[in-house]
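Undergrad: One structure follows; several queries about it will come next.
The values are calculated or read from the model by the stated rules, or taken from the named source; none is laboratory data. None of the values given here were measured: they were computed from a predicted structure. Note that each Cβ is placed from the backbone with ideal geometry, even for glycine, and that neighbours are counted across all protein chains shown.
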Amino acid sequence: MSRRAALPPHLRQLESEAIGILREVAAEFRLPVLLYSIGKDSSVLLHLALKAFYPAKPPFPLLHIDTTWKFREMIAFRNATAARLGVELIVHTNPEGLAQGINPITSGSALHTQIMKTEALRQALDKFGFDAAIGGARRDEEKSRAKERIFSFRAAGHSWEPRHQRPELWHLFNTKLRPGESMRVFPLSNWTELDVWQYVVAENIEVVPLYFAKDRPVVRRGGVWIMVDDERLPLDPGETPELRRVRFRTLGCYPLTGAIESDAASPADIVTELRGARQSERQGRLIDSDEDSSMERKKREGYF
Amino acid sequence: MDSAPAAGRPLLRFLTCGSVDDGKSTLIGRLLYDSEAILADQLEALERESKRFGTTGEDIDLALLLDGLEDERQQGITIDVAYRFFATKRRSFIVADSPGHEQYTRNMATGASTADLALLLVDARKGIIAQTRRHSLICSLLGIRHVVLAVNKLDLVGFDKATFAAIEAEYRRYVTDFDFRSLQAVPISARYGDNVATRSASTPWYAGPSLLEYLETVDAERREAAAGFRFPVQWINRPNAEFRGFAGTVAAGSVAPGDAVVVTGSGTTTTIKEIVTFDGPVIRADPGDAVTLTLRDEIDVTRGDLLTGAKSRAEFADQFAAHVIWMKDEPLVPGRSYWLKIGPRTVPATVTSLKHRIDVDTGAHIAARTLALNEIGFCNLSAARPIAFDRYAANRDTGGFILIDRVSNETAAAGMIEFGLHRATNIHLQALNVSPSDRAMLKGQQAAVVWLTGLSGSGKSTIANALESKLLAMGAHSMLLDGDNVRHGLNRDLGFTDTDRVENIRRLGEVAKLMADAGLIVITAFISPFRADRQMAREIAAPHAFIEIFVDTPLDECIRRDPKGLYARAKTGEIPNFTGIDSPYEAPDAPELRLRTIGATADTLAENLIETLRERGIVH
Ligand SMILES: Nc1nc2c(ncn2[C@@H]2O[C@H](COP(=O)(O)OP(=O)(O)O)[C@@H](O)[C@H]2O)c(=O)[nH]1
């Protein structure tokens, strides 16, 4: 009568843990929000939120920080998902950044990320007064995330102060805040990329089709395939898009997100591919290779 | 359609412990490497880094796979635990790895709190050392029941059987007083991989499993013998008037529709109607399952309540004994009020007495008046309201708690309940015929505690005296408690250490409360420098009105006035712990009234105070 039995025990444990975390957020914070970035982790997070509060709807809205450079398919998927599930979706773009014409191509990825993601997120959190922001980050994504808390404390001004993080024992989370302070919460902390895909398969969760292999127009840049998603991507002289069978392991702003050549056309194919994977997930993400330990620095500035 | 065979075993969460250079990083790196958790681009980076920073000559240095936790500690970044993940075809693992020396107790405890097994590393050349005992003690205290003793660097002792056997035998003797249920010793070389993933040809005398084989198959589930059903209510689910569900995670036992359950505390009994999940109703929920329960009867249940089986009730008390690990830079102050969070319930609580401190290296009990960062103590606690709990040894989720500093919000301590103290439950409050409000009414007033706080010399006593004269003139019944006077009598035995200041305020708070019970308007004039202590006085006084008055005079002005010549003496060091000089004053954030004394007379300020009392209906 239920599909629960089909879930392998370790996924069931991870699922229950994440549901417990989501409920704790709903119970302890005044105004929580779920940061919805449209990727697979967000899809899983949203699915878990639906489960955690069933039969009620999740008691918080979704927030998407739109840089205006996301893949078109991502935006279409976002709008369709919110409409289908009947959940509240807030979309925020940094108006000043937009007015200044900040973009990932001529402004550079570092500035673009700073203004259109980090700044924009802070603006949105302040504007609505959210005191807890739930995100889909995982500890296995990158070395420096291995020690991140599940409830990550942010001082007034959203700064992440490594010295003021609170020890987390058992499943007891210290959620106390003073005015101006906030919390970032990561229910998927203990999931790996493989867990996420296995869960997508087991629970039949919809994700953006960009994750699946398909012939797409791409150009080769800096050792990765960049998709020509719209006419805003300037082509170098002599550079012509070619059709390649590619897919994405992570999704972000299209000029900054590299595709990999792959034949994996379904979540199950991806699980199989990952079992033999020889490249880590972040390898397709250009923002991390900007500088060493850039993630650490971005976090201090309030990047998710 | 699922091409991935569903791994049949539950996750294994384990903690690694070892002293610096025992090879902990190398071993974790080896486990990640051998389980193919390392990807090609990471491997390339590793080869590059090994050439530059490696300690292993030409070979790749697996320890470099892990973040340099020690370096980060030097940069002042607090890392208590780093979590790593790997999976084999048979099982998924979460490894908790704690760095550091000074912070070790706190970090290890954090990692151990969610671990089911400890992987304890020793260097074959050194054998069992003092730290091995320390690690074992912390693991045991935190409820880890399964231990793997990895005897590492066996290559450096020529894979000698006798060395391994001697270490294993010594360790088994060592841990007889700990409550471990399984103990497996494995001879390994983390660097060369012997007996890590596969059994080694260099140890033909060892018949046991390789480390990874053992971890893949060990049954480390916490299955408490005959555990009753435990369900802490985390969130009330009310989408509409028809549905009222109680969401939470089963902490022990299992439950099915039709089972009788009881709400601890109120003692109300009811029956489970349905176990609701997104995937449809289920016929049973087991430990670890996050579900929503509906009940047959409409009874009062709120977040923080504990539902248990009707025949297997939890303890319910406001006083209990617990082990406490102190995690905050400022030491524990017995008597001070902290938030205590246990499951989804948060209540104010104080440590009433510290029985002893535990020396983690020897296990000895040492008399102590306070606990510093990373110290473990055994103490009695008193909560403002009774709480539902189990012994920690019986259930981590219903027996573990944290203490939170009420001012800074830091997590101050982790605690493990050992037993409830029934002493308190036997002292029942005597119901009285005449109530406090009867007594106040007879006097034509409402009882209140008017609490003046401020620096020495700020003008508290002068204003308090002026206020009381005015009250007398109005025919109101009052009592003025002055700090200095009380220290000559009731609190003669107390000094000015943090601990004594807390006790000072506690007694004054109780005296003020008794007098308010008598129907009086109680005026107090104490420096009362700590926010947490004033908060405690406020809670003691409840339900009487508590009016906190901040007598706000800048420090230099107090020093200039210095009516009793105390600042002059404090500055020469003659009076230690003097507020404002070498002991802090925490100004109130939101006092009921703030009196700025510069440029105002005591008489006008007292008049302001009378006005405040009128507004609140205390006097007419
Ligand atoms: N010969 C030998 N050396 C080892 C072994 N395991 C670790 N080492 C070395 O011991 C040193 C300390 O190891 P490391 O993993 O950094 O220790 P940690 O401080 O416990 O993390 C390094 O130089 C390692 O290469 C082993 O099994 N045999």
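Undergrad: Would you point out which residue out of B:48, B:106, B:9 is more than 13 Å from the ligand (Cβ to nearest atom), part of a loop (DSSP other than H, G, I, E, B), out of contact with any Cys (no Cβ under 9 Å at 6 or more places or on another chain) and modelled with pLDDT of 65 or more? Steps first, answer last, please.
TA: Details: B:48 fails: part of a loop (DSSP other than H, G, I, E, B); B:106 fails: part of a loop (DSSP other than H, G, I, E, B).
Every option except B:9 fails the conditions.
Undergrad: Follow-up question, since we're still on this one. Within 24 Å of residue A:202 (Cα to Cα) and touching a Lys or Arg at 6+ places or on another chain (Cβ under 8 Å): is that true of residue A:87 in this structure? It would help to see each step written out before you state the result.
TA: Details: within 24 Å of residue A:202 (Cα to Cα): yes; touching a Lys or Arg at 6+ places or on another chain (Cβ under 8 Å): yes.
Criteria met by residue A:87.
Undergrad: List every residue pair whose Cβ atoms sit under 6 Å apart, with the two residues 6 or more apart in sequence or on different chains, where the first one lies in the stretch B:364-388 and is of a type in the set (Lys, Arg) and the second, anywhere, is not in a loop (DSSP other than H, G, I, E, B).
TA: B:385/B:347
Undergrad: OK, next. Working only within the stretch A:173-198, note down all residues that are at the interface with chain B (Cβ under 8 Å from one of its Cβ atoms) and either farther than 30 Å from residue B:590 by Cα or touching a Pro at 6+ places or on another chain (Cβ under 9 Å) (or both).
TA: A:174, A:189, A:190, A:192, A:194, A:195, A:198
Undergrad: From the list B:293, B:307, B:340, which one is modelled with pLDDT of 95 or more, over 20 Å from residue A:26 (Cβ atoms) and part of a strand (DSSP E or B)?
TA: After applying the criteria, what remains is B:340.
Undergrad: Do any residues in the stretch B:143-157 that are under 24 Å from residue B:177 (Cα atoms) have Cβ atoms under 6 Å from those of residues that are more than 10 Å from the ligand (Cβ to nearest atom) and among the polar types (S, T, N, Q), where the two are at least six apart or on different chains, and which pairs are they?
TA: B:146/B:182; B:148/B:184
Undergrad: Scan B:187, B:209 and give me the residue that is at pLDDT 95 or above and closer than 18 Å to residue B:132 by Cα. Break it down into steps so the answer makes sense when it comes.
TA: Values: B:209 fails: closer than 18 Å to residue B:132 by Cα.
The unique qualifying residue is B:187.
Undergrad: Test of understanding: among A:207, A:224, which residue is among the β-branched types (Val, Ile, Thr) and under 19 Å from the mean Cα position of the chain (by Cα)?
TA: A:207 is the lone residue from the list that is among the β-branched types (Val, Ile, Thr) and under 19 Å from the mean Cα position of the chain (by Cα).
Undergrad: Would you mention how many residues in the stretch A:120-175 are within 30 Å of residue B:289 (Cα to Cα) and either part of a helix (DSSP H, G or I) or hydrophobic (A, V, I, L, M, F, W, C) (or both)?
TA: 18
Undergrad: Tell me, yes or no, whether the stretch B:273-288 has at least one residue that is modelled with pLDDT under 95 and farther than 30 Å from residue A:14 by Cα.
TA: Looking for residues that are modelled with pLDDT under 95 and farther than 30 Å from residue A:14 by Cα, one finds none in the stretch B:273-288, hence no.
Undergrad: Filter the stretch B:538-563 down to the residues that are part of a loop (DSSP other than H, G, I, E, B), farther than 19 Å from residue B:598 by Cα and either hydrophobic (A, V, I, L, M, F, W, C) or in contact with a Gly (Cβ under 9 Å, 6 or more places away or on another chain) (or both) and list them by number.
TA: Kept after step one, since they are part of a loop (DSSP other than H, G, I, E, B), are these residues of the stretch B:538-563: B:542-544, B:553-554, B:562-563.
After this cut, where a residue has to be farther than 19 Å from residue B:598 by Cα as well, the list is B:542-544.
Result: B:542, single match.
Undergrad: Which residues, counting only those in the stretch B:310-337, are more than 11 Å from every other protein chain (Cβ to nearest Cβ), hydrophobic (A, V, I, L, M, F, W, C) and not in a strand (DSSP E or B)?
TA: Residues satisfying the conditions are B:310, B:314, B:332, B:333.
Undergrad: Of all the residues that make up the stretch B:140-170, how many are away from the ligand (no atom under 16 Å from the Cβ) and farther than 22 Å from residue B:213 by Cα? If you could, list the steps in order and put the result at the bottom.
TA: First, the residues of the stretch B:140-170 that are away from the ligand (no atom under 16 Å from the Cβ): B:140-147, B:161-162, B:165-166, B:168-170.
Okay, now just the ones that are also farther than 22 Å from residue B:213 by Cα, so B:140-143, B:162, B:166, B:169-170.
Counting residues in the stretch B:140-170 that are away from the ligand (no atom under 16 Å from the Cβ) and farther than 22 Å from residue B:213 by Cα gives 8.
Undergrad: Turning to a different aspect of this structure: Residue B:134 - would you say it is within 16 Å of the ligand (Cβ to nearest atom), surrounded by fewer than 15 Cβ atoms within 10 Å (Cβ to Cβ) and in contact (Cβ under 8 Å) with a residue 24 or more places away in the chain?
TA: Numbers: within 16 Å of the ligand (Cβ to nearest atom): yes; surrounded by fewer than 15 Cβ atoms within 10 Å (Cβ to Cβ): no; in contact (Cβ under 8 Å) with a residue 24 or more places away in the chain: yes.
It is false that residue B:134 is within 16 Å of the ligand (Cβ to nearest atom), surrounded by fewer than 15 Cβ atoms within 10 Å (Cβ to Cβ) and in contact (Cβ under 8 Å) with a residue 24 or more places away in the chain.
Undergrad: Test each condition in (1) under 17 Å from residue A:251 (Cβ atoms); (2) surrounded by fewer than 22 Cβ atoms within 10 Å (Cβ to Cβ); (3) touching a residue at least 40 places away in the same chain (Cβ under 8 Å) for residue A:177 and report the one that comes out false.
TA: (1)
Undergrad: Scan the stretch B:142-162 for residues that are in contact with a helix residue (DSSP H, G or I) (Cβ under 8 Å, 6 or more places away or on another chain) and either assigned to a loop (DSSP other than H, G, I, E, B) or modelled with pLDDT under 95 (or both) and jot them down.
TA: Restricting attention to the stretch B:142-162, the residues satisfying the condition of being in contact with a helix residue (DSSP H, G or I) (Cβ under 8 Å, 6 or more places away or on another chain) are B:142-144, B:147-152, B:154, B:157, B:160.
Passing the criteria: B:142, B:143, B:144, B:160.
Undergrad: Within the stretch B:171-217, count every residue that is hydrophobic (A, V, I, L, M, F, W, C), within 37 Å of the chain's Cα centre (by Cα) and away from the ligand (no atom under 16 Å from the Cβ).
TA: Residues that pass the stated criteria total 5.
Undergrad: Looking at B:165, B:220, B:227, can you tell me which residue is aliphatic (A, V, I, L, M) and either surrounded by fewer than 16 Cβ atoms within 10 Å (Cβ to Cβ) or outside any loop (DSSP other than H, G, I, E, B) (or both)?
TA: Working: B:220 fails: either surrounded by fewer than 16 Cβ atoms within 10 Å (Cβ to Cβ) or outside any loop (DSSP other than H, G, I, E, B) (or both); B:227 fails: either surrounded by fewer than 16 Cβ atoms within 10 Å (Cβ to Cβ) or outside any loop (DSSP other than H, G, I, E, B) (or both).
Just one listed residue meets the conditions, B:165.
Undergrad: Quick one: residue A:210 ticks every box in (1) modelled with pLDDT of 90 or more; (2) within 13 Å of another protein chain (Cβ to nearest Cβ) except a single one, so which number is it?
TA: (2)
Undergrad: Right, another one. What tally of residues in the stretch B:567-603 results from selecting those that are assigned to a loop (DSSP other than H, G, I, E, B) and either among the basic types (Lys, Arg) or closer than 30 Å to residue B:473 by Cβ (or both)?
TA: First, pick out the residues of the stretch B:567-603 that are assigned to a loop (DSSP other than H, G, I, E, B): B:572-578, B:580-582, B:584-592, B:597-601.
If we keep only those that are either among the basic types (Lys, Arg) or closer than 30 Å to residue B:473 by Cβ (or both) as well, we get B:588, B:591-592, B:597-601.
The number of residues fulfilling the criteria is 8.
Undergrad: Need a quick list: helices (runs of 4 or more DSSP H) entirely within the stretch B:350-451 having at least 3 residues that are surrounded by fewer than 19 Cβ atoms within 10 Å (Cβ to Cβ) and more than 14 Å from every other protein chain (Cβ to nearest Cβ).
TA: On the way: elements: B:396-399, B:423-426, B:436-442.
Of the helices (runs of 4 or more DSSP H) lying wholly inside the stretch B:350-451, those with at least 3 residues that are surrounded by fewer than 19 Cβ atoms within 10 Å (Cβ to Cβ) and more than 14 Å from every other protein chain (Cβ to nearest Cβ) span B:423-426, B:436-442.
Undergrad: If residue B:304 meets every condition in (1) surrounded by 15 or more Cβ atoms within 10 Å (Cβ to Cβ); (2) within 13 Å of another protein chain (Cβ to nearest Cβ); (3) over 28 Å from residue A:170 (Cα atoms) apart from one, which number is that one?
TA: (3)
Undergrad: Separate question: Can you tell me how many residues within the stretch B:109-136 are more than 12 Å from every other protein chain (Cβ to nearest Cβ) and either modelled with pLDDT of 90 or more or touching a Phe, Trp or Tyr at 6+ places or on another chain (Cβ under 6 Å) (or both)? Steps first, please.
TA: Residues of the stretch B:109-136 more than 12 Å from every other protein chain (Cβ to nearest Cβ): B:117-136.
The next check asks that each one be either modelled with pLDDT of 90 or more or touching a Phe, Trp or Tyr at 6+ places or on another chain (Cβ under 6 Å) (or both); those that pass are B:117-128, B:136.
So the answer is 13.
Undergrad: Now, a different point. Taking the stated definitions as given, is residue A:201 outside any loop (DSSP other than H, G, I, E, B) and facing chain B (nearest Cβ under 9 Å)?
TA: Working: outside any loop (DSSP other than H, G, I, E, B): yes; facing chain B (nearest Cβ under 9 Å): yes.
The answer is yes for residue A:201.
Conditions tested, residue by residue: (1) closer than 19 Å to residue A:176 by Cα; (2) within 14 Å of another protein chain (Cβ to nearest Cβ); (3) more than 17 Å from the chain's Cα centre (by Cα).
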| site | (1), (2), (3) |
| --- | --- |
| A:110 | no, no, yes |
| A:120 | no, no, no |
| A:123 | no, no, yes |
| A:127 | no, no, yes |
| A:140 | no, yes, no |
| A:145 | no, yes, no |
| A:152 | yes, yes, no |
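Undergrad: Which one of B:550, B:530 is closer than 18 Å to residue B:337 by Cβ and either buried (at least 18 other Cβ atoms within 10 Å of the Cβ) or touching an Asp or Glu at 6+ places or on another chain (Cβ under 6 Å) (or both)? Walk me through it before giving the result.
TA: Values: B:550 fails: closer than 18 Å to residue B:337 by Cβ.
Result: B:530 is the single residue among B:550, B:530 that is closer than 18 Å to residue B:337 by Cβ and either buried (at least 18 other Cβ atoms within 10 Å of the Cβ) or touching an Asp or Glu at 6+ places or on another chain (Cβ under 6 Å) (or both).
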